[in-house]
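Report on the following structure.
Every number here is computed from the coordinates shown, using simple stated rules; none is lab data. Keep in mind that this is a model prediction, so the values were computed, not measured. Positions of Cβ are backbone-derived with ideal geometry, glycine not excepted, and every protein chain shown enters the neighbour counts.
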Amino acid sequence: MPSVTENVIHLTPSAVKEIKRLIQVQNMGDVALKVGIKGGGCSGLTYTMSFQSENGPHDQVFEVEGLRVVVDAKSALYIKGTTLDFIDTLQESGFKFINPNAKESCGCGTSFSA
């Protein structure tokens, strides 16, 4: 079982609030937010987010305001120091990754290269 580690990414209060709201509205129970990357997108790597109830052997687990967050070891190399925010304005609504490791990112902000 993976141990609790230091925060790989930072979540803003608005991101934590929205994630907890989604878990409650969808009645998911005891799940963790899994954040990672996969190959693809116009800049090479794409951010992923999902909910999971079990951790993998290489997952890094940490907690933010009572919310368990999981990042696999490979993704942690690319997103360490990233901030996950949730924006809800008239012009845009959704999660936004602010990654200091990204050398390039696409216009929509869902993919990057490191």
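General observations
- Inter-label distance for residue 55 and residue 83, nm, one decimal - labels placed 7 Å from Cα along Cα-to-Cβ: 2.6 nm
- Under 25 Å from the Cα of residue 74 - lysines, other chains or at least 8 residues apart: 34, 38, 96, 103
- Taken one residue at a time, the phi angles of region 24-32 give Karplus couplings (6.51, -1.76, 1.60, θ = phi - 60°) of 5, 4, 8, 6, 8, x, 8, 10, 10 Hz. Gly and Pro are set to x.
- Convex hull of Cα atoms in region 10-113, direction-averaged projection (nm²): 6.8 nm²
- Applying 1/(1 + (r/R0)^6) with R0 = 35 Å to the Cβ-Cβ distance of residue 91 and residue 27 gives a FRET efficiency near 0.70.
- With θ taken as phi - 60° and the Karplus curve 6.51 cos²θ - 1.76 cosθ + 1.60 applied, the whole-hertz 3J(HN,Hα) list for region 66-83 is x, 9, 7, 10, 10, 9, 6, 4, 5, 5, 4, 4, 9, 10, 4, x, 6, 10 Hz, x standing for glycine and proline.
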